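S.K.: First the structure, then my questions, so here it is.
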Amino acid sequence: MGQAMTSTSGRSGSDGRHLPSDPDRLLSAFRDEREHAALYRALASHEADHRMAYMLQRLGDASQNQTDALARQLNGMGINAETVSGPVTLGRRAQLAVWLARQLGVRPIRGLLSNLKVRGLGAYDAAHLRGHVDIKDISQLHHGSDNGSNLRAAVFGVNDGLISNTSLILGMAGAGSGSPTLILAGIAGLLAGALSMAAGEFVSVRSQREFYLHQLDLERAELREFPEAERAELAVIYEAKGLSPEDADRIARTLIADPELALDTMAREELGLNPNELGSPLGAASASFVSFALGALVPVVPLLFLPAGQAVWVSITVAALALFGVGALLSLFTGRAALTSGLRMLGIGALAGLLTWLIGSLFDLGGIG
């Protein structure tokens, strides 16, 4: 079955798609598209937003059309795709996605759906387009900056360092540790926490980047082999955003004509990915290390210059002021009043410090010296 032909040069199907001629690849693509068609229809049935449900249903129809084209190609090679592949079954992850969509809706599980290469996820967060739209309007929607998210991550890193290291020092102080021990604990907490944060961020961003690059490679291959199918799917997504069928098709054809622009657009619109914001694992790890270390350093500095008993109270005071400042700064992202946000963060830090001090006091080591 399929051994007679191994060429991958490809040929045009009856609907104009450029199809690969390797039977094994055709069968694999047939099974994938058939499963996607079933998945889209199942998701559409659990989508409360009629506009998004219509988009998912149309994407399912597009996958079914591509499935039929692949089946005709295989039939021309003497292979009955339906017989060879058996009945349509969803994989375990797809079954989980359908179950979660039934319980929660489609929007909350977009991360899982992205892993399943479900199209159209970018339409959930996009502005709703109306009227006549030109290609420049679409391009403007794609431009953005993640500077805000970077600042937010840095602020949270400082906050983590502040709370964790101040709590550690208070726990050791509650246990009656002397000045050398408190300094050692503070420095150890700073290094351990900062290194842990950096390592975690490195692994997280690297894994995310590898996933994004893999998805982009798949998208690039599909644009090369199935340009018309990709154009049709992109047009469906723009219709879901509010464009007329004519404008959606016009924009999709213009974008698909430029391979690089098409890849960028398909990544954003179909997969909800931003190719320009894949992130640097080393950069993210370095930023995480520095931000955590800066926060963790605040309660340590007084210990280096003052007697332990006095230094602990100065550390508490400085850390409290810093926590209030961090909380007030976070109000820029939450929209809350700066005073309310600052007092809330101060309260959270105070509770964490009090609890660790109380726990530390259960293991009294002999008084602060």
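The values are calculated or read from the model by the stated rules, or taken from the named source; none is laboratory data. What you are looking at is a predicted structure, and each value in this text was computed from that prediction instead of being measured. Neighbour counts are summed over all protein chains in view; Cβ atoms, including those assigned to glycine, are modelled from backbone coordinates with ideal geometry. Protein only, heavy atoms only, side chains kept; ligands, DNA and RNA dropped before computing areas. Shrake-Rupley method; radii C 1.70, N 1.55, O 1.52, S 1.80 Å.
S.K.: So how strong a dipole does the stretch 51-99 carry about its Cα centre when Lys and Arg Cβ are +1 and Asp and Glu Cβ are -1, to the nearest 20 debye? Can you show the working numbers first?
M.R.: Values: 5 positive and 3 negative charges, 50 e Å.
Rounded to the nearest 20 debye, it is 240 debye.
S.K.: Under a Cβ-Cβ cut-off of 15 Å, what is the net charge of the residues other than ALA293 that fall near it, where Lys and Arg count +1 and Asp and Glu count -1? Can you show the working numbers first?
M.R.: On the way: positive: none; negative: ASP160, GLU201.
That sum, taken over residues with Cβ under 15 Å, equals -2.
S.K.: Let me ask something additional. Enter the accessible area per residue of the stretch 81-123 (Å², integer; probe 1.4 Å; all protein chains in place). Working shown, then result.
M.R.: Values: 2270 Å² over 43 residues.
Here the per-residue accessible area is 53 Å².
S.K.: ASP61: net charge of surrounding residues, Cβ under 11 Å, Lys/Arg +1, Asp/Glu -1, itself excluded? Present the calculation step by step, with values, prior to reporting the outcome.
M.R.: Numbers: positive: ARG41, ARG58; negative: ASP68, GLU233.
That sum, taken over residues with Cβ under 11 Å, equals 0.
S.K.: Given ALA221, GLY242, VAL203, which one lies farthest toward the positive end of the charge dipole of the stretch 183-253, if we put +1 on the Cβ of every Lys and Arg and -1 on the Cβ of every Asp and Glu?
M.R.: About the Cα centre, the residue reaching furthest to the positive side is VAL203.
S.K.: Can you give the local net charge around ALA101? Use residues other than it whose beta-carbon is closer than 14 angstrom to its beta-carbon, Lys and Arg +1, Asp and Glu -1. Display every interim value, and only then the final one.
M.R.: Details: positive: ARG41, ARG93, ARG102, ARG107, ARG110; negative: GLU47, ASP49.
That works out to +3.
S.K.: How much accessible area per residue does the stretch 156-225 have, counting only protein heavy atoms and a probe of 1.4 Å, in square angstrom? Don't skip to the end; give the middle numbers.
M.R.: Numbers: 3160 Å² over 70 residues.
Accessible area per residue, the stretch 156-225: 45 Å².
S.K.: When a/c reaches 1.5 or more, the comparison of a/b and b/c decides; with that in mind, is the stretch 175-284 rounded, prolate or oblate per its Cα gyration tensor? Walk me through the numbers on the way to the answer.
M.R.: Details: a/c = 5.68, a/b = 3.49, b/c = 1.63.
The shape class here is prolate.
S.K.: Right, next: Using a 1.4 angstrom probe on heavy atoms only, work out the carbon and sulfur share of the accessible area of the stretch 308-358 in %. List each step's numbers first, then the result.
M.R.: On the way: 2190 of 2810 Å².
The computed percentage sits at 78.
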